[in-house]
Amino acid sequence: MILTGPQIIDSTTSGRIRISPFEAAQVNPNSYNVRLGSTLRTYQTDVIDAYRPNPTRSITMDNDGYVLRPDELYLGHTVEEVGSDYYVPLLFGRSSVGRLGLFVEITAPIGDIGFHGQWTLMLSPVRPLRVYPGMKIGQIMFFESYGEIELYSGKYQRAAGPQESRYWHDVVGTM
């Protein structure tokens, strides 16, 4: 079952969901709007190697925003730290942002129960698009889980800012 807006508020008040900072005005009928943080990260090499760490560069946006370019993957982050030890969070781009031609979450909308931190956003525009820090970029829905809960304790726990892929951690020692 998906939590409704009033249940998101109740669960935030009770501590079953953590959203920081929390703004009641960002609650929707069945989701919570999250905003784009001020830091973007891009990969520096022409070829990204899944089995090795990849160099990145950081971009800090100011109030004038930043123009995202097609054929580039930008890693952004939410302003909000979001997590729950009780519910499964899913993050999707807002439809208004999608209508501008921006893919917000390419392949990884699901969060793990027990993850707490800022969410990394995978931003990919279909044409040049200016984005701004603090703009409402996505929405998180919360689903009840069924069964025994094992809390997330993985490599992205307590993320702050955009996190580059750490896929290579999964293959170290297997090559």
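The values are calculated or read from the model by the stated rules, or taken from the named source; none is laboratory data. Since the model is a prediction, treat every value here as computed from it, not as a measurement. Because the Cβ atoms are built from the backbone with ideal geometry, glycine has one as well, and the counts that use them run over all protein chains shown. All accessible areas refer to the heavy atoms of the entire protein, side chains included, with ligands and DNA or RNA removed. Shrake-Rupley method; radii C 1.70, N 1.55, O 1.52, S 1.80 Å.
I need the strands (runs of 3 or more DSSP E) fully contained in the range 1-66, keeping only those with at least 3 residues that are at pLDDT 95 or above, under 21 Å from Trp168 (Cα atoms) and not aliphatic (A, V, I, L, M).
Values: elements: 18-20, 32-35, 39-43, 56-60.
In the range 1-66, the matching strands (runs of 3 or more DSSP E) lie at 39-43, 56-60.
Taking Gly5 as the residue in question, decide whether it is without any contact (Cβ under 8 Å) to a residue 40 or more places away in the chain and either open to solvent by less than 50 Å² (accessible area, probe 1.4 Å) or touching a Leu at 6+ places or on another chain (Cβ under 7 Å) (or both). Before the answer, list the steps.
Working: without any contact (Cβ under 8 Å) to a residue 40 or more places away in the chain: yes; either open to solvent by less than 50 Å² (accessible area, probe 1.4 Å) or touching a Leu at 6+ places or on another chain (Cβ under 7 Å) (or both): yes.
Yes: the conditions hold for Gly5.
If we keep just the residues of the range 113-122 that are over 10 Å from the mean Cα position of the chain (by Cα) and surrounded by 17 or more Cβ atoms within 10 Å (Cβ to Cβ), which is farthest from Glu72 (Cα to Cα)? Don't jump to the end; show me each part of the working.
Our first condition is that a residue be over 10 Å from the mean Cα position of the chain (by Cα); within the range 113-122, this holds for 113-116.
Right, trim to surrounded by 17 or more Cβ atoms within 10 Å (Cβ to Cβ) and you get 113, 115-116.
Details: Ile113: 30, Phe115: 27, His116: 28 Å.
Among residues in the range 113-122 that are over 10 Å from the mean Cα position of the chain (by Cα) and surrounded by 17 or more Cβ atoms within 10 Å (Cβ to Cβ), the one farthest from Glu72 (Cα to Cα) is Ile113.
Output the residues belonging to the range 135-174 that are of a type in the set (A, V, I, L, M, F, W, C) and touching a strand residue (DSSP E or B) at 6+ places or on another chain (Cβ under 9 Å). Explain how you work it out, then say what you get.
If we filter the range 135-174 for residues that are of a type in the set (A, V, I, L, M, F, W, C), which is where we start, we get 135, 137, 140-143, 149, 151, 159-160, 168, 171-172.
Once the filter is applied, which keeps residues that are of a type in the set (A, V, I, L, M, F, W, C) and touching a strand residue (DSSP E or B) at 6+ places or on another chain (Cβ under 9 Å), the range 135-174 yields Met135, Ile137, Ile140, Met141, Phe142, Phe143, Ala159, Ala160.
Please identify the pairs in which a residue from the range 42-60 that is over 17 Å from Gly161 (Cα atoms) and open to solvent by 60 Å² or more (accessible area, probe 1.4 Å) has its Cβ atom under 8 Å from the Cβ atom of a residue that is assigned to a strand (DSSP E or B) and not β-branched (Val, Ile, Thr), counting only partners at least 6 apart or on another chain.
Partner pairs satisfying both residue conditions: Gln44/Arg57.
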